[in-house]
Amino acid sequence: MEGFFLDYKLLAKESLSGYRVLSAAIENLTQSIGDIDRRLASQELSQKEHLEERISLCAQRAHLESILAYRRSGKERIDRGLAVLTPEQRTILDRFYIHRTDHYLDDLMDELGYERRSIYYRHNTALRDFTVAMYGLSED
């Protein structure tokens, strides 16, 4: 029986493409937890008759904290993968996936001074290096 393998390139591309949304989610989750903390600390919820609402807020906070931890872990993994790349490699992956524009390839060709084929070659190398670093693999 042949094994099932996920394409590492597809996983890396999805991670990079979702980086901005992931960063926004972390910010929003942090803000939501802060909002809950302020409500829990307010005088209006300190009375005994509001126990049900306090319990609900505590449960909601715990749920958001677990989601936040998961999202932060994903972002940290991406950040570690990007950190090992050269500035040129980061630029290429950033333009391909994170801050992609309509003319990203032409812009990269102009900015880096490479032909299209060379950009794609460098892109593939950067994507591989990013994935190796992101998942903590060794090239031994």
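When restricted to residues that are open to solvent by 70 Å² or more (accessible area, probe 1.4 Å) and either within 13 Å of residue 94 (Cα to Cα) or modelled with pLDDT of 90 or more (or both), the range 125-138 contains 1. Residues that are closer than 21 Å to residue 12 by Cα, touching a residue at least 24 places away in the same chain (Cβ under 8 Å) and among the hydrophobic types (A, V, I, L, M, F, W, C) within the range 98-113 comprise just one, 98.
Just need a number here: residues in the range 28-62 that are at pLDDT 95 or above and among the aliphatic types (A, V, I, L, M). Total satisfying the criteria: 4.
Quick check on this structure: which one of 95, 116, 71 is open to solvent by 50 Å² or more (accessible area, probe 1.4 Å), in contact with a helix residue (DSSP H, G or I) (Cβ under 6 Å, 6 or more places away or on another chain), free of Cβ contacts under 8 Å to residues at least 24 places away in the same chain and more than 20 Å from residue 7 (Cβ to Cβ)? Answer to the check: 95.
Just need a number here: residues in the range 119-137 that are in a loop (DSSP other than H, G, I, E, B) and touching a helix residue (DSSP H, G or I) at 6+ places or on another chain (Cβ under 7 Å). Total meeting the criteria: 0.
The values are calculated or read from the model by the stated rules, or taken from the named source; none is laboratory data. In this text the structure is predicted, and so the values were computed from the model without any measurement. Methodologically, a virtual Cβ is constructed for each residue, glycine included, from the backbone with ideal geometry; neighbour enumeration extends over all protein chains shown. Heads up: the accessible areas ignore ligands, DNA and RNA and are worked out on the full protein's heavy atoms, side chains in. Shrake-Rupley method; radii C 1.70, N 1.55, O 1.52, S 1.80 Å.
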